[in-house]
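Quick notes on the structure that follows.
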Amino acid sequence: MQITLTRHDSAWSGQTGGQLKHWSDSVRKRRLTLKLTQLQLCKRLGITERHLSRIENGSPCSGGLQMHIDKVLNNWTDKPELHVLIDYVRIRFPTQAVSSIMLDVLHLSTDHLLTEPRAPFGYETTLSLGEIKLYTSSPQQPKLGTLLELRGQGCRQFESLLLGRGETWYDFLATCMEAHGVMKRFDLAVNDMVDMLDIPALIQKIRNNECITVMRQFEGITSGRIYHEDGEDDDDETGTTLYIGSKKSDLYFCLYEKDVEQRKHPRKSRSASGVYNRFEIRLSNDRATKAAEDLLNYRDEERTIFGIIKRYLRFVDARPTDRLKWPVNKTWERFVGQGREPLRLTMAPQPLDLNRTRAWIDKQVAPMQRVLHEIDGYWGNQQTMNAIRNAPLTEKHEKMIAQYTTESDQLQNGLFESEPECEQSKKDDHADQSM
């Protein structure tokens with residue numbers, strides 16, 4: 001569905017002199033309450049100190065700027081405005097010796113991995129630990145080798161293992177290069193923590209020809225799901241989404257409103273993630289390889305991520321001059337680095353969880369279970385509960401239980417210990433306590 005947007009009125013309207021004075025005074029009071037100088041607020045707003053001083057003294061401003069000032073002051077935070085993350089990794093290793101990839105690259109034991117006789121991308125089998133996926137090829141297709149895939153949640157779960165080993169993404173990427181891994185997909189994400197990016201406004205700028213880029217395809221949608229070229233969508237509902245570039249190319253951008261509930265219900269507190277918007281750089285094949293190599297060579301996330309963005313994309317403000325001389329939009333200028341602190345690659349590790357499975361149960365299974373419980377209650381039996389308690393478990397089910405009941409103390413330098421070692425560890429702990 002194509003989104004239709006209306007532009008903010010460029011002139012102050014519907015405000016009496018008294019209302020304007022009251023709002024201007026509130027700007028000054030809120031700024032002083034936050035112990036901010038005019039310069040600090042101006043840097044966040046993308047306006048001059050002179051302009052802010054006039055506003056605080058009662059001069060009119062556009063309706064759009066008023067809303068921007070209110071948004072910044074009402075959601076002020078001293079934490080970094082932007083976070084950068086690695087959000088998708090897909091690497092092909094030229095070997096069918098999956099055990100060597102498990103041990104030498106991922107540093108994982110096979111004891112806790114689930115095995116499924118199906119896989120995407122033409123592979124035969126899936127080995128998984130949560131959302132950490134390894135796909136193995138059949139003997140008839142040796143050129144496929146072994147494929148590692150870490151989607152967003154998989155990246156976060158893998159970060160837990162990296163932190164457990166005292167390693168970083170740089171250590172992991174270097175290990176993959178040493179193992180002759182070929183980068184097939186590499187996504188870099190910028191999380192907007194202060195609602196800096198106004199996605200609908202950027203879509204409107206594109207319509208107004210205020211976007212300078214070599215990319216020729218744009219798509220703005222509302223209430224859509226995030227698209228992946230392998231045909232799968234993200235589970236979370238999204239608000240307004242903007243794609244810049246062809247989704248079939250080796251480089252395109254995806255910008256979307258992540259904190260949908262916050263936007264639907266402004267009085268509610270921010271989501272647990274604290275992320276308002278996300279800007280994703282989606283890279284494939286050679287472009288993915290070059291981005292990973294640039295990160296390894298320079299260890300400078302700001303250079304790699306915003307170097308790509310600034311090379312391909314610029315939002316400007318229209319002026320009655322030649323288009324190439326239009327000034328860069330102040331908010332966009334700040335987003336790409338002007339006047340803000342340099343960014344570093346962050347980690348947001350998450351433990352193994354069953355969120356997707358539980359969501360499916362909540363939507364599909366739980367309602368029917370409740371129906372059966374109601375019926376059992378009426379007839380005075382426990383047939384449904386007995387069926388659940390006595391349900392036969394396959395080897396896959398047993399491994400799932402083992403995966404999701406592995407305690408953190410069973411991790412040692414990021415390696416899952418084998419069961420005998422875990423039992424021995426418990427015995428040693430018990431012996432220590434009895435001494």
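All of the numbers you see were taken from the coordinates with simple rules; none came from a lab. This is a predicted model, so every value here is computed, not measured. With ideal geometry, Cβ positions are generated from the backbone for all residues, glycine too; neighbour counts draw on all protein chains shown.
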At a 10 angstrom cut-off on C-beta neighbours, averaged per residue, how do the peptides 185-196, 337-348, 319-330, 61-72 rank from highest to lowest? 185-196, 61-72, 337-348, 319-330
Can you give the local net charge around Arg323? Use residues other than it whose beta-carbon is closer than 14 angstrom to its beta-carbon, Lys and Arg +1, Asp and Glu -1. +1
